[in-house]
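So the structure is just underneath, and the comments pick up after that.
The values are calculated or read from the model by the stated rules, or taken from the named source; none is laboratory data. Bear in mind the structure is a predicted one, so any value in this text is a computation, not a measurement. Neighbour counts run over all protein chains shown; Cβ positions are idealised from the backbone, glycine included.
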Amino acid sequence: MTDELAIPILLYHKLGRPPRGARVAGHYVSPDLFRRHLSYLKRAGYESVSLPSLARRDARFPSRPVAITFDDGYRCVYEHALAVLQEAGFRATIFMVANAIGGLNAWEQASGDVCEPMLSLAQMREMSAAGIEFGSHTLSHPHLTALPLAEAAREVTESRAALEEALGAPCLSFAYPYGDWDPRVRGLVAEAGYVAACSTRRACATAGDDPLALPRINIRRYNVLARFRYKLWRARRR
């Protein structure tokens, strides 16, 4: 990555209409709005890049690179995003909660949120074959800084191993649940062999950023196209 590049890393969670009782309705971006986001990116000349290539400072980037990420691994991403990404010619990274494959969002339900089905292994394999990268979002989506060191290490390392075994592909990217990390947790991520890790700090990624603490731009349901464009513009100036 050359010094002058400021690369937006977009953070999505769920696609669809927020159900009654959803605690964070903003996480639900409508499929139509998501399609409009991608259409704008394509018209504006953006091309998607992988997080490992971004972290490695790959000099052969397109002139307007973008990285698209989804946290947690909800089934609605398969239902509403895969075809749209393929039509637009974009790739994406899904940070999967490894113990939730084929299950439910237990960590959200524990805090009183609504039930959401997660990706099945068959859906993940189909998406991986279509060029979607899967990164780790730990085993169970905990606050890593609140855990004893050994337990935090297990969440970081065993989730990578589980995803690699399930998909038969390298798992090189990581996202800190809740954006919760500190130097100790970052060290665990480095020791586990990840080459890129995403935080929730709001900015574009630049050459000076720590590849294991990359910033992202949080995209929410009320980010209509004008707001979406403004977020990209503003992030470049942080």
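If you scan region 37-56, which residues turn out to be free of Cβ contacts under 8 Å to residues at least 60 places away in the same chain, in contact with a Lys or Arg (Cβ under 8 Å, 6 or more places away or on another chain) and not hydrophobic (A, V, I, L, M, F, W, C)? Residues satisfying the conditions are GLY45, TYR46, GLU47, SER48. Within region 58-86, being within 17 Å of the chain's Cα centre (by Cα) and among the hydroxyl-bearing types (Ser, Thr, Tyr) holds for THR69, TYR74, TYR78.
From the set of residues in region 75-113 that are of a type in the set (Val, Ile, Thr) and assigned to a helix (DSSP H, G or I), which is surrounded by the most Cβ atoms within 10 Å (Cβ to Cβ)? Result: VAL77. When GLU133 is tested against the conditions (1) of a type in the set (Asp, Glu); (2) surrounded by 14 or more Cβ atoms within 10 Å (Cβ to Cβ); (3) within 25 Å of ARG36 (Cβ to Cβ); (4) over 16 Å from the mean Cα position of the chain (by Cα), the lone failure is (4). In the list THR145, THR157, which residue meets the criterion of being among the polar types (S, T, N, Q), outside any strand (DSSP E or B) and touching a Lys or Arg at 6+ places or on another chain (Cβ under 9 Å)? Going through THR145, THR157 in turn, just one is among the polar types (S, T, N, Q), outside any strand (DSSP E or B) and touching a Lys or Arg at 6+ places or on another chain (Cβ under 9 Å): THR145. The single residue among SER39, SER48, SER63 that is hydroxyl-bearing (Ser, Thr, Tyr) and farther than 19 Å from LYS231 by Cβ turns out to be SER63. Against the test of being in a loop (DSSP other than H, G, I, E, B) and of a type in the set (D, E, K, R), the options ARG201, ARG220, ARG186 yield a single qualifying residue, ARG220. For PRO62, the test of being of a type outside the set (A, V, I, L, M), under 18 Å from ALA205 (Cβ atoms) and either modelled with pLDDT of 95 or more or crowded, with 17+ Cβ neighbours inside 10 Å (or both) is failed.
Of all residue pairs spaced 6 or more apart or on separate chains, those with beta-carbon atoms under 9 Å, a first member in region 220-238 that is farther than 27 Å from GLY208 by Cβ and a second member that is in a helix (DSSP H, G or I) and among the polar types (S, T, N, Q) are LEU225/SER39. Which one is nearest to GLY73 (Cα to Cα), of the residues in region 13-63 that are among the basic types (Lys, Arg) and in contact with a strand residue (DSSP E or B) (Cβ under 7 Å, 6 or more places away or on another chain)? In this case the residue turns out to be LYS14.
If you check ALA162, ALA197 for being modelled with pLDDT of 95 or more, closer than 21 Å to LEU147 by Cβ and in contact with a Cys (Cβ under 9 Å, 6 or more places away or on another chain), only one passes: ALA162.
Could you figure out which of (1) touching a helix residue (DSSP H, G or I) at 6+ places or on another chain (Cβ under 9 Å); (2) assigned to a helix (DSSP H, G or I); (3) of a type in the set (Ser, Thr, Tyr) isn't true of SER53? Going through the list (1) touching a helix residue (DSSP H, G or I) at 6+ places or on another chain (Cβ under 9 Å); (2) assigned to a helix (DSSP H, G or I); (3) of a type in the set (Ser, Thr, Tyr), SER53 breaks only (1). Out of ALA169, ALA122, I need the residue that is more than 22 Å from ALA6 (Cα to Cα) and either at pLDDT below 95 or assigned to a helix (DSSP H, G or I) (or both). Which one? Unique residue meeting the criteria: ALA122.
Yes/no per residue for (1) under 15 Å from the mean Cα position of the chain (by Cα); (2) of a type outside the set (Gly, Ala, Ser); (3) buried (at least 21 other Cβ atoms within 10 Å of the Cβ):
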| site | (1), (2), (3) |
| --- | --- |
| ALA203 | yes, no, no |
| LEU214 | yes, yes, yes |
| ARG220 | yes, yes, no |
| VAL224 | no, yes, no |
